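Data first, discussion second: the structure below is written as structure tokens.
Throughout, read-outs are computed from the coordinates displayed, never taken from laboratory work. These numbers were taken from a predicted model, which means no experiment stands behind them. Cβ: placed from backbone, ideal geometry, glycine included. Neighbour counts: every protein chain shown.
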Amino acid sequence: MDEGESSTNNSSRPWESYNTVFTNAKAGMEGVDKEKVQRIVYEMSKGSKYFQNEERKEALMKQKIEHMRDRCAKLSSSDLSNYQKVVDRRVLELEATRDLSRVWLHVDMDAFYAAVETLSNPSLKGKPMAVGGLSMISTANYEARKFGVRAAMPGFIARKLCPDLIFVPVDFSKYTHYSDLTRKVFRNYDPNFIAGSLDEAYLDITEVCRERGLSGAEIAEEIRSSVQSETGGLTCSAGVAANRLLAKVCSDINKPNGQFVLQNDRSTIMTFISSLPIRKIGGIGKVTEHILKDALGIKTCEDMVLKGSLLYALFTQSSADFFLSVGLGLGKTDTPEARSRKSISSERTFAATGDERLLSSKLAEIAEMLSHDMKKEGLTARTLTLKLKTASFEIRSRAVSLQRYTCSSEDILKHATKLLKAELPVSIRLIGLRMSQFNEETRHSDPSQGTITKFIVQKDSSKQNLDDNDSFDWDASKTCLSNDERLSFSYASHDTNYDQLKEDVVEYEEQSVTPEQECKKKEEKLQVLEGDAVLRKHKECKSDTSAQKTEAVSVCPQMETLVWVDGYKCNLCGIELPPSFVEEQQEHSDFHLAQRLQNEESGPSSSPTPASKRRILGKEKANSKPKKQKPNKKDDSKHIPIHTFFTKSNQNS
Ligand code: DCP
Ligand code: MG
């Protein structure tokens with residue numbers, strides 16, 4: 001079924017309503033027999049944990065659509081005409097912000113990992129190949145895409161679709177190397193270019209076009225050819241437009257090895273936007289697409305304007321503004337300043353495993369990588385967060401406040417190991433480590449390092465859908481679905497960045513959802529580790545794409561619960577973080593938690609609080625039985641058998 005079509009339940013062809021990321025067309029998949037792919041994916045994943053999770057998500061999505069329809073039906077015509085007035089006013093205001101003076105270029109490497117592998121092994125040229133293994137593939141070359149094989153698909157399904165498919169293991173260091181080479185080129189055109197991920201970047205080419213008297217198209221040609229020669233043969237595609245949002249859409253149009261230029265005038269932009277499917281916009285993922293389409297009948301970007309009154313009636317203003325600005329073809333044109341980074345992290349997805357030795361070695365690699373990046377940035381920090389995704393897609397995060405600032409891989413690993421051990425036995429498919437609460441004194445700002453701006457991760461790319469909840473559930477996520485490690489940074493910034501609006505945020509920005517409702521979905525528990533570590537155990541309800549917007553952290557009985565009032569204002573300190581800043585909000589919660597725990601430990605209180613008593617007790621317990629923590633009932637999931645679907649994945653770790 002086409003990704004854009006509504007789900008219908010056809011019992012003789014159940015796969016038709018089985019929408020997964022695997023069947024979303026990427027560039028090079030235009031002629032693919034979608035129904036065949038859908039059927040194979042359905043048959044091969046049926047009964048697996050993944051399948052169950054997809055079904056659960058699908059059911060939730062349907063509920064949301066129904067809920068939205070009900071709300072729609074209750075709107076009176078006078079409500080709608082009032083909202084139309086709001087729309088008319090916002091259109092004028094948004095129009096006034098239209099900036100057609102800049103020329104933005106978005107560049108994205110073609111079949112990046114696969115192309116790098118082919119460069120080092122030319123015998124792969126022209127043959128269908130995928131990078132990854134039987135559990136999961138990170139990408140496929142264009143030959144393989146003709147069979148419906150694509151990134152984020154389990155390799156054994158890919159092999160069923162394309163029996164001659166060649167698998168090449170992931171070699172992340174190679175991709176980093178080639179990514180650096182491309183960045184060398186980008187820097188020549190825009191020293192402040194924005195690196196979206198390893199294989200993509202946004203460049204403001206306004207000045208270079210003006211200085212050299214060249215058009216955007218000519219500069220795009222030049223950049224693409226320089227990338228090819230600098231890397232020894234890798235191709236990329238480019239989009240040129242008045243803003244970043246449009247440039248990104250454009251870079252996908254003539255993939256691979258092509259470019260598309262959208263003229264910087266309003267009427268060309270409006271024509272372009274009028275028939276553009278909403279899913280092409282970074283930030284609009286599967287769930288948002290379905291809600292907008294199935295509940296409100298919004299299919300194209302133009303519909304966002306035509307049905308603006310519904311959007312303003314049903315969503316918060318920031319979401320509705322985002323939708324409306326998309327409908328007007330507006331996007332960011334400024335170069336973001338180097339904002340103050342709040343955390344740095346590294347994570348890795350792999351075939352689910354419960355093998356402790358394997359998990360330890362993965363953890364060591366991630367700690368090493370994180371430490372390397374921190375050293376490069378001159379950062380030391382003292383809050384360490386471990387993120388895990390279990391074989392059953394449960395997301396867990398555990399944080400520890402260290403006694404001193406550090407960036408050493410040994411320190412990170414030591415504490416991360418404690419956090420991890422407290423979770424074992426468990427079968428895990430993703431491990432992430434994040435360091436936050438930086439020591440401002442050691443943070444250096446040597447411009448020659450330039451990494452803060454250069455590594456700014458802009459969430460206005462589709463790759464940042466990775467960040468959304470679905471990303472942890474195998475949606476069109478890059479960060480989480482790949483067998484690689486990525487950095488993700490968060491910033492202290494208070495401005496609403498519409499480009500950064502994420503699918504989950506859109507969903508939970510429905511006006512009727514309150515922080516308290518979301519808060520109920522959270523389970524919070526304190527645990528203790530020996531030594532200087534106080535462990536926070538926080539079980540997130542992540543897999544159902546819920547509970548993101550209004551992070552509520554109940555740390556311990558006497559601590560006031562952190563609630564994001566209206567989705568953006570911390571009730572404890574008043575700091576405002578836009579709802580789309582999911583990571584930042586999480587990080588801010590961590591901060592309050594760490595602060596609280598530190599106060600408790602070093603505070604003047606003579607009589608221990610109930611929580612500290614509990615910790616002391618916990619410490620004793622931890623000391624007497626440091627390793628073998630008996631799994632409680634809730635941890636039954638620790639013994640989840642890896643179902644057929646994922647058993648296969650063990651062949652590639
Ligand atoms: N990637 C990944 N997991 C995903 C998607 C992508 O690990 N779910 C990695 C492999 C890709 C790289 O990121 O090579 C870049 O992602 P793109 O979406 O840009 O895909 P490609 O570059 O592979 O192909 P395209 O030509 O469509 O850009
Ligand atoms: Mg690419």
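Remark: relative contact order (segment 287-340) = 29 percent; criterion is Cα-Cα distance under 8 angstrom and separation of 6 or more residues.
Kindly state, to the nearest 0.05, the FRET efficiency for THR417 paired with LYS376, given R0 = 30 Å and r defined as their beta-carbon distance. All intermediate terms of the calculation are to be shown ahead of the outcome.
Numbers: r = 23 Å, r/R0 = 0.78.
According to the calculation, E is roughly 0.80.
Sorted by packing (mean other beta-carbon atoms within 10 Å per residue), highest first, where do 395-402, 279-286 land? Mind showing how you got there, number by number?
Details: 395-402: 21.5, 279-286: 24.0.
Output ranking for 395-402, 279-286: 279-286, 395-402.
A Förster distance of 25 Å, applied to the separation of the beta-carbon atoms of GLN63 and GLN317, puts the FRET efficiency at 0.55.
Show me the trypsin sites (Lys or Arg not before Pro) within segment 104-150 that DSSP assigns to loop and that have at most 14 other Cβ atoms within 10 Å of their Cβ.
On the way: sites: LYS125, ARG145, LYS146, ARG150; in loops: LYS125, LYS146, ARG150.
Filter output for segment 104-150: LYS125.
Full extension of the chain between SER360 and SER225 gives 44.3 nm of extra length, using 0.36 nm per residue less the Cα-Cα distance. Measuring against 18 Å, Cα to Cα, the residue pairs LYS26/LYS280; LYS26/LYS248; LYS125/LYS184; LYS49/LYS160; LYS46/LYS160 contain LYS125/LYS184; LYS49/LYS160 as the ones spanning a longer distance. Under the combined filter of DSSP loop state and at most 15 neighbouring Cβ atoms within 10 Å, segment 339-446 retains these GluC sites (Glu not before Pro): GLU440, GLU441. Between LEU181 and LYS280, the FRET efficiency estimated from the beta carbon spacing at R0 = 22 angstrom works out to 0.15. Remark: segment 92-100, residue by residue, has Karplus-estimated 3J(HN,Hα) of 4, 5, 5, 4, 5, 8, 4, 10, 9 Hz, where x stands for each Gly or Pro and the curve is 6.51 cos²θ - 1.76 cosθ + 1.60 at θ = phi - 60°.
Give, in nm to one decimal, the length gained when the segment between GLU218 and ASN121 is fully stretched (0.36 nm per residue of separation minus the Cα-Cα distance). The partial results should precede the final answer.
Details: separation 97, 0.36 × 97 = 34.92 nm, distance 3.16 nm.
Working it through step by step, the gained length comes to 31.8 nm.
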